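A short worksheet on the structure shown next.
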Amino acid sequence: MNHALETSTRKVILSMLKTQGPLSVHDISKQLGITEMAVRRHIHSLEKDDLLETKLVRQAMGRPSNVYTLAPQADELFPKKYMQLTLDLLDELLEGEGQEKIERLFEGRQAKLESRYQSRMSEKSLEERVAELALIQNENGYMVDWSQLGEDAYMFSEHNCPITQVANTFAQACQCELALFRNLLDANVERTECLAKGASKCVYIISQNK
């Protein structure tokens, strides 16, 4: 079986479990028209990726059989509209409460993030704080790399922005991220490239406060 067909069958099995709930190998085999051996191969692959959970079900006649359901992490494989919902809510807030309310909302988010991460910066050198900020941003999906430019100077690049759609519409998102970096690093931080403005990445130049 070629790779494309293997991938397609995996997706179909995941969709079946999403829409129909618990299914046995026999159920899946019957619906897909493929052998139970082929189904088991796909099930094994999905279990290996921690996408399935197994439950032993007793039957009125015969031996108990395994049925399969989606593991919680499999839910992330299905389409979500979280970002559109966020944009719609922000638009409603802007229309009803005005620009000042939007700015206070983003500033409040910035303050919460500072409070959450400030302890991770204490008693560290600037280089250690930059490294820690990279860890934090990578934990949040920003795909960061950084390098030293000179003594107490660094380039910090984010190759992905999970909130790009929000930042494209609301400049406050980028402004607050810049302020967050300056406060967490206790350093001079300048943004030289920005994904929300059409660049291929966000780039920050970080240097010791003078």
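Remark: pairs (first residue in region 105-124, more than 28 Å from Leu89 (Cβ to Cβ); second residue in a loop (DSSP other than H, G, I, E, B); Cβ separation under 9 Å; 6+ apart in sequence or on different chains) = Met121/Asp186.
Within region 94-114, can you find the residues that are farther than 27 Å from Ala187 by Cα and either surrounded by fewer than 14 Cβ atoms within 10 Å (Cβ to Cβ) or in contact with a Gly (Cβ under 8 Å, 6 or more places away or on another chain) (or both)? Spell out the reasoning first.
Just the residues of region 94-114 that are farther than 27 Å from Ala187 by Cα, to begin with: 94-101.
Hits for region 94-114 are Glu95, Gly96, Glu97, Gly98, Gln99, Glu100, Lys101.
Return the residue satisfying two criteria in turn: it lies in region 1-38 and is of a type in the set (Lys, Arg) and closer than 20 Å to Val57 by Cα, and of such residues it is modelled with the highest pLDDT.
Looking only at region 1-38, we keep the residues that are of a type in the set (Lys, Arg), and these are 10-11, 18, 30.
So of that shortlist, the ones also closer than 20 Å to Val57 by Cα come out as 18, 30.
On the way: Lys18: 86, Lys30: 92.
The extreme case among them is Lys30.
Consider region 125-145 and keep the residues that are within 15 Å of Ser207 (Cα to Cα) and without any contact (Cβ under 8 Å) to a residue 24 or more places away in the chain. The one that is nearest to the chain's Cα centre (by Cα) is Ala131.
Against the condition touching a residue at least 12 places away in the same chain (Cβ under 8 Å), in a helix (DSSP H, G or I) and out of contact with any strand residue (DSSP E or B) (no Cβ under 7 Å at 6 or more places or on another chain), how does Val166 come out, does it pass?
Numbers: touching a residue at least 12 places away in the same chain (Cβ under 8 Å): yes; in a helix (DSSP H, G or I): yes; out of contact with any strand residue (DSSP E or B) (no Cβ under 7 Å at 6 or more places or on another chain): yes.
Against the criterion (touching a residue at least 12 places away in the same chain (Cβ under 8 Å), in a helix (DSSP H, G or I) and out of contact with any strand residue (DSSP E or B) (no Cβ under 7 Å at 6 or more places or on another chain)), Val166 qualifies.
The set of residues from region 154-171 being closer than 18 Å to Leu184 by Cα and buried (at least 16 other Cβ atoms within 10 Å of the Cβ) comprises Tyr154, Phe156, Ser157, Glu158. If you go through region 56-78 and keep only what is part of a loop (DSSP other than H, G, I, E, B) and within 16 Å of Ile13 (Cα to Cα), you end up with Ala71, Phe78.
Within region 81-93, can one find any residue that is of a type in the set (A, V, I, L, M), surrounded by fewer than 15 Cβ atoms within 10 Å (Cβ to Cβ) and touching a residue at least 60 places away in the same chain (Cβ under 8 Å)? Yes; the residues of region 81-93 include at least one that is of a type in the set (A, V, I, L, M), surrounded by fewer than 15 Cβ atoms within 10 Å (Cβ to Cβ) and touching a residue at least 60 places away in the same chain (Cβ under 8 Å).
Among the residues of region 26-55, those identified as in contact with a strand residue (DSSP E or B) (Cβ under 6 Å, 6 or more places away or on another chain) and either farther than 17 Å from Ser15 by Cβ or assigned to a loop (DSSP other than H, G, I, E, B) (or both) are Thr54, Lys55. Each residue in region 169-210 was checked for being more than 29 Å from Asp88 (Cβ to Cβ), touching a residue at least 40 places away in the same chain (Cβ under 8 Å) and over 21 Å from the mean Cα position of the chain (by Cα), and 10 of them qualify.
Picking from residues in region 115-134 that are of a type in the set (A, V, I, L, M) and in contact with a strand residue (DSSP E or B) (Cβ under 9 Å, 6 or more places away or on another chain), the one that is surrounded by the fewest Cβ atoms within 10 Å (Cβ to Cβ) is Ala131.
If you check Gln137, Gln175, Gln148, which single one turns out to be out of contact with any Leu (no Cβ under 9 Å at 6 or more places or on another chain) and crowded, with 18+ Cβ neighbours inside 10 Å? Talk me through it step by step, then tell me what you get.
Details: Gln175 fails: crowded, with 18+ Cβ neighbours inside 10 Å; Gln148 fails: crowded, with 18+ Cβ neighbours inside 10 Å.
The conditions single out Gln137.
If you go through region 69-114 and keep only what is touching a strand residue (DSSP E or B) at 6+ places or on another chain (Cβ under 7 Å) and either at pLDDT below 85 or not hydroxyl-bearing (Ser, Thr, Tyr) (or both), you end up with Leu70, Ala71.
The values are calculated or read from the model by the stated rules, or taken from the named source; none is laboratory data. Just so it is clear, the model here is predicted, and its values are computed rather than measured. Neighbour counts run over all protein chains shown; Cβ positions are idealised from the backbone, glycine included.
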